[in-house]
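The values are calculated or read from the model by the stated rules, or taken from the named source; none is laboratory data. Bear in mind that the values here come from a model prediction, so they are computed numbers and not experimental data. Note that each Cβ is placed from the backbone with ideal geometry, even for glycine, and that neighbours are counted across all protein chains shown. Ligands, DNA and RNA are excluded from the accessible area calculation, which covers all protein heavy atoms including side chains. Shrake-Rupley method; radii C 1.70, N 1.55, O 1.52, S 1.80 Å.
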There are 2 protein chains.
Amino acid sequence: MEALKEKIAKEGQAIGGDIVKVDGFLNHRIDVAFLEQIGQAFGSAFRDAGANKILTIEASGIAIACAAARYLGDLPVVYAKKAAPNTMVDGFYETEVTSFTKRTVSKVIISRSYLGPEDRALIIDDFLAHGESALGLMDLVEQAGGRVVGAGAVIEKEFQGGGARIREKGVPLVSLAVITSIQDGKIYYRED
Amino acid sequence: MEALKEKIAKEGQAIGGDIVKVDGFLNHRIDVAFLEQIGQAFGSAFRDAGANKILTIEASGIAIACAAARYLGDLPVVYAKKAAPNTMVDGFYETEVTSFTKRTVSKVIISRSYLGPEDRALIIDDFLAHGESALGLMDLVEQAGGRVVGAGAVIEKEFQGGGARIREKGVPLVSLAVITSIQDGKIYYRED
């Protein structure tokens, strides 16, 4: 997605050798008009995936998943939570996810009420780095007896291996920008 | 908002005397078509508020704030975070917020890059209970030298006093449904 690379060049920031900061339009401050373009891109990419539900993890995936959903016939969005609120009384699926940027391991859960064997889930997230979030969501879908029909990331950092891990599982992956390396503050992309 | 009361009656659940569970369409599973109606309602309510930015707190406020933003001329959305990721290197405003449903006290932060004295912020959130989240966001805006021009909640639980605390500060508040009490599994609303 050319517009995304331009946006990253203009408003993003490379930090060290492995971090791309997009807090200015995606991860802290959200540019909702640009978010719309991202939603449209996922809508085109997954039109024929046969998904009946979009899954993501709180917090930074939520806005992106909702934007994508509106371009996929208003699919329901379910976001995995990092803690069970006291309103979640019906039981849940649970898995562990390592956050690369926060350097934490956290449990994430989805209520049994909103994920089941009938589900054909499309996983959407902001970043695909080591793949921990996506693989965690895939684990939750497996536990529920459902199927993952696709995975979409806004920004994939190919050199961290998450993309390969997802493709190994036979899940079609679409990343709107694929970064091959970050060197001296410059971001290199895989050619389309 | 009549459609919201109907949605709560159909898909929501009263738990005990003070909790309304709307995980089925707003807080865990998101009904994106209905979210659109919520965004529209906030758009009408705050058309003339003069906001230049929408503020919310991760995670459950994000989708709602983005929906509202699209009906307010694509205002940027900034969501307060509950932990500083290692990409946040420019300093931040910080305050403490008590979560009613999770029974926790957590620090929430907004980067100094995305909040400043020029800001006229509209605060949007899913629930208004004791008002902790909204007052926390108001504190952050004050720290930044900005101004809060309005606050919107999808569901206000009037009996928990948050609405009164916000109005005391002179901030115009719009809640799409105002619950006066919850008794024996039945939800009572303030008449419009």
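What the table shows:
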item	result
Cβ charges +1 (Lys, Arg) and -1 (Asp, Glu), total dipole of chain A, debye	180 debye
Within the protein assembly as shown: Cβ-based charge dipole about Cα centre, in debye rounded to nearest 20 (Lys, Arg +1; Asp, Glu -1)	320 debye
Residue with peak Gaussian network fluctuation, chain B [Cα springs, cutoff 10 Å], from B:36, B:118, B:96	B:118
GNM flexibility winner over chain B from B:81, B:169, B:53 (Cα, springs under 10 Å)	B:169
Region A:1-58, dipole about Cα centre (Lys/Arg Cβ +1, Asp/Glu Cβ -1), debye to the nearest 20	40 debye
DSSP beta bridges in chain B [antiparallel fraction, %, rounded to 5]	45 percent
DSSP beta bridges in the protein assembly as shown [antiparallel fraction, %, rounded to 5]	45 percent
Candidates A:44, A:60, A:111, ranked by Gaussian network fluctuation over chain A, Cα under 10 Å, top entry	A:44
Total accessible area lost when B and A pair, probe 1.4 Å, Å² to nearest 100	3700 Å²
Carbon + sulfur, % of accessible area of region A:1-134 - ligands and nucleic acids excluded, 1.4 Å	45 percent
Inter-probe distance in nm under a simple model that places probes 7 Å from Cα toward Cβ, at residue B:188 and residue B:103	2.7 nm
Inter-chain shielding of A:110-118 (mean C-beta neighbours from other protein chains, 10 Å cut-off)	2
30 Å Cα-Cα reach of residue A:186 towards lysines, excluding residues that sit fewer than 8 places from it in its own chain	A:5, A:7, A:10, A:21, A:102, A:157, B:81, B:82
